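Since the structure comes first, as structure tokens, the remarks are kept for the end.
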Amino acid sequence: MSNFVDEFVAGVEAKNPAQPEFIQAVREVVDSLAIVLEKHPEYRSAKVLERIVEPERVIMFRVPWMDDNGEVQVQRGFRIEFNSAIGPYKGGLRFHPSVNLGILKFLAFEQVFKNSLTTLPMGGGKGGSDFNPKGKSDAEVMRFCQSFMTELCKHIGPNTDVPAGDIGVGGREIGFLFGQYKRIRNEFTGVLTGKGLNWGGSLIRPEATGYGAVYFACEMLAANSKDISGMTCLVSGSGNVAQYTCEKLLELGARPVTLSDSGGFIHDPEGITTEKLEWVMDLKNVRRGRIKEYADTFKSATYTSIDPTLDHNPLWSVPADCAFPSATQNEINGKDAQNLISNGCQLVSEGANMPTTPDGVDVYLKNKILYGPGKAANAGGVSVSGLEMSQNSLRLSWTREEVDERLKGIMKAIHTSCYDAANEYGTPGNYVNGANIAGFLKVANAMLDQGVV
Ligand code: NDP
Ligand code: 2IT
């Protein structure tokens, strides 16, 4: 079977050259599925795997806009509509200079399995642009978003494809994008999620990914008769996911001690308290400053800048019980994973998408720590997006408590299906296999039902 995996992945690689992140994501899933395909030849004869790695549609477009100096800028825009077997395409938009076709294909591919796990009827998609919102004025961001949506609006709709936020796309960007969609299409619909509360948004959507990653960690601990309260936690990133991960950790009596951005990380051994977190939210969401300022303001903290010559990131050597990587892909390599474990870490719950390299994942699995992969642990965000779509269709809004209860229930259900699938296929405790297998089966069965499409 490992021969089959190698040959299959080599074929995907030949067809998709220079897309290392996409190949990485495909290899991990196919590795987990080898045992399923052996048991179920019907998936092989219907070429489900060959079809599931091929996006249904890739849209790539020019996004011209004018900066504040009157100069014309040109960005590239994308939307990857990967799989719609179980519902309309659903997934975020990323605005970051590193964005390219391969990165968005890895994210859209992961989204297919993640959305399947949520229990809600959502297919998988992802999009974005190499636009860098850092240092841009609100007016520049608005002009870019309007130009981006002028093309994107031809391809999306509340029953077709429903984008949301991701890195570099938060409430401000969703507002500009929604305004332009409404203006061009002349319809007020739930075409985007993460909307403002008084124009169709859902309570708890901003909090959902971070809260969900902590709920998933609590489920893994509970399955081992443990509790998160009192645990010291490492968090990376300092954006949407990192902030609400910290908020939920504090609420549950745990102690977050780190945050980072692309410049470096802060370590506050006294703990990032509620007051300090409020300061971070103002720094990042209002003033749009750098995390370094934390250590200038709070004397209990130290700041370490990123050293590109190092083969590891010292953030992951800080002694702690749990880690919540919440910045970006491949931020933890094999050495970092070893450092985490050598310094006492017993749980990793991934808020980010694919933050651990394959070497790092091997280290977690060999050491049998509790490891919740991103497509399970960070599914809370898209789950509440799904709940936002439901509320939009019903034309009503649920309370904060109601949405939070549903989110908790969904994270519990995701944990159970991953746990059970890992057991059923002979790898108990392996949430990587559990998530890939449980996510795959629902989509694969829908594809079988729907014929060769
Ligand atoms: P934000 O843009 O709000 O924050 C991103 C954070 O990560 C910032 O602190 C940013 O630092 C840091 N970061 C981004 N790129 C890099 C990089 N290349 N190297 C180091 N640091 C980096 O994004 P989110 O919090 O929304 O997203 C974080 C992660 O969570 C992503 O992997 C995303 O795909 C994933 N995710 C997000 C969901 C959501 O609902 N928003 C749902 C599920 C997963 P800087 O400001 O310096 O760039
Ligand atoms: O990676 C993700 O799941 C997201 N960025 C959220 C997607 C969504 O549609 O809410």
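Share of Cα-Cα pairs in the range 33-86 beyond 13 Å, in percent? Before the final figure, lay out the partial values.
Working: 1037 of 1431 pairs.
The calculated P(r) of the range 33-86 puts 72 percent of pairs beyond 13 Å.
Can you send over the carbon and sulfur percentage of the accessible area for the chain, probe radius 1.4 Å, protein chains only?
Numbers: 9220 of 17970 Å².
Taking all protein chains in place, the chain shows 51 percent carbon and sulfur surface.
Looking at the chain only, what percent of DSSP beta bridges run antiparallel? Nearest 5 please.
Taking every DSSP beta bridge with both residues in the chain, the antiparallel ones total about 60 percent.
Only helical DSSP H runs with n ≥ 4 go in: add -39500 (n - 2.57) per run for the chain, normalise by residue count and round the 222 nm mean residue ellipticity to 500 deg cm²/dmol.
Numbers: 17 runs with 217 residues, N = 453.
When only DSSP H runs of four or more count, the value is -15000 deg cm²/dmol.
Once each part is reduced to its C-alpha centroid, what is the distance from the range 371-424 to the range 5-53 in angstrom?
27
Taking only protein heavy atoms into account and a 1.4 Å probe, give the accessible area per residue of the range 1-58 in Å². Walk me through the intermediate numbers first.
Numbers: 3030 Å² over 58 residues.
That works out to 52 Å² per residue.
At a 1.4 Å probe radius, which order do Arg94, Arg57, Arg172 fall into by accessible area, largest first?
Values: Arg94 10, Arg57 115, Arg172 45 Å².
These residues rank, largest area first, as Arg57, Arg172, Arg94.
Can you find, among Leu370, Val162, Phe324, the residue farthest towards the positive end of the dipole of the chain? Put +1 on the C-beta of Lys and Arg, -1 on that of Asp and Glu.
Positive-end residue among those listed: Val162.
Taking the alpha-carbon distance from Lys366 and a cut-off under 26 Å, which lysines remain once sequence neighbours fewer than 8 residues away in the same chain are dropped?
Cα-Cα hits under 26 Å: Lys39, Lys114, Lys226, Lys335, Lys375, Lys412.
Sorting check: for 11-23, 249-261, 348-360, which peptide has the highest mean count of neighbouring beta carbons within 10 Å, and how do the rest follow? List each step's numbers first, then the result.
Values: 11-23: 15.3, 249-261: 21.7, 348-360: 24.3.
Peptide ranking by packing, descending: 348-360, 249-261, 11-23.
What shape does the range 204-258 have by the C-alpha gyration tensor, where a ≥ b ≥ c are the square roots of the eigenvalues, rounded means a/c under 1.5, and otherwise prolate means a/b greater than b/c and oblate the rest? Kindly include the intermediate steps, with their values, before the conclusion.
Numbers: a/c = 2.16, a/b = 1.41, b/c = 1.53.
Oblate.
Quick one: accessible surface of Lys442, probe radius 1.4 Å, all protein chains present, in square angstrom to the nearest 10.
Ignoring ligands and nucleic acids, Lys442 comes out at about 80 Å².
Which Rg and Dmax, in Å, describe the Cα atoms of the range 174-333?
Spelled out, the Cα radius of gyration and Dmax of the range 174-333 are 17.7, 54 Å.
In terms of the Cα gyration tensor, with a ≥ b ≥ c the square roots of its eigenvalues, is the chain rounded because a/c is under 1.5, prolate because a/b exceeds b/c, or oblate?
In terms of gyration-tensor shape, rounded.
Sort out for me the Cα centre separation of the range 228-243 from the range 328-345, rounded to whole Å.
15
Name the residues whose placed amide hydrogens come within less than 5 Å of the amide hydrogen of Ala254, ignoring near sequence neighbours (fewer than 5 apart) on the same chain.
The list, which skips near neighbours in sequence, is Gly230.
As an exercise, identify the GluC sites (Glu not before Pro) in the range 71-139 lying in DSSP coil whose Cβ has no more than 10 other Cβ atoms within 10 Å. Mind showing how you got there, number by number?
Details: sites: Glu71, Glu81, Glu110; in loops: Glu71.
Hits after loop and neighbour filter: Glu71.
Just how much of Val169 is accessible, in Å², when a 1.4 Å probe is used and the result is rounded to the nearest 10?
Rounded to the nearest 10, that gives 10 Å².
How big is the Cα convex hull of the range 33-152 in projection, averaged over all directions, in nm²? Could the numbers behind the result be given before it?
Details: hull surface 34.6 nm².
So the Cα hull casts an average projection of 8.7 nm².
The values are calculated or read from the model by the stated rules, or taken from the named source; none is laboratory data. Here the structure is a predicted model, which means the values were calculated and not measured. Glycine also receives a Cβ, built like all others from the backbone with ideal geometry; neighbour counts cover every protein chain displayed. Each accessible area value is taken on the protein alone, full model and side chains, heavy atoms only, with ligands, DNA and RNA left out. Shrake-Rupley method; radii C 1.70, N 1.55, O 1.52, S 1.80 Å.
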